[in-house]
Amino acid sequence: MLIRLIEVEKTIRGGTPILKEIYLNPGHIISIMDDVRANQTLVNEAIALGLDAEVRFSKITIQEGTAPKIITVVGTPGQIYKKLKKKTVLRG
């Protein structure tokens, strides 16, 4: 089961961040932590992107091949953890 998240991608230093919808395999997630830097620097830009002024960001470390990759996503670590633990019922 994949989970849907919104990634914040900052292109060039000082550039405008871009929001991208991504789907992650929870089995590849190594860690989730509060992104203190993004929470401080992206507050004004978040409003311009259409997000709530109280939005929080998290860093997710993903095992991708032989090296881990770190991405910034919208949501607190607790909110993301809840998405990981959500169970779906298949009807058939």
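Before moving on, here are some points about what is shown:
- Looking across the stretch 18-44, the residues that are part of a helix (DSSP H, G or I), loosely packed, with under 15 Cβ neighbours inside 10 Å and among the β-branched types (Val, Ile, Thr) come down to 36, 41.
- Against the conditions (1) surrounded by 10 or more Cβ atoms within 10 Å (Cβ to Cβ); (2) out of contact with any strand residue (DSSP E or B) (no Cβ under 9 Å at 6 or more places or on another chain); (3) outside any helix (DSSP H, G or I); (4) not aromatic (Phe, Trp, Tyr), residue 13 satisfies every one except (1).
- Screening the candidates 78, 50 for the property of being modelled with pLDDT under 85, among the small types (Gly, Ala, Ser) and out of contact with any helix residue (DSSP H, G or I) (no Cβ under 8 Å at 6 or more places or on another chain) yields one hit, 50.
- Of all residues in the stretch 45-68, those satisfying the criterion of being surrounded by fewer than 17 Cβ atoms within 10 Å (Cβ to Cβ) and assigned to a loop (DSSP other than H, G, I, E, B) are 49, 50, 52, 53, 54, 65, 66.
The values are calculated or read from the model by the stated rules, or taken from the named source; none is laboratory data. On a predicted model such as this, the values are computed, not experimentally measured, just so you know. Counting neighbours? That spans all protein chains shown, and the Cβs are built from the backbone with ideal geometry, glycine included.
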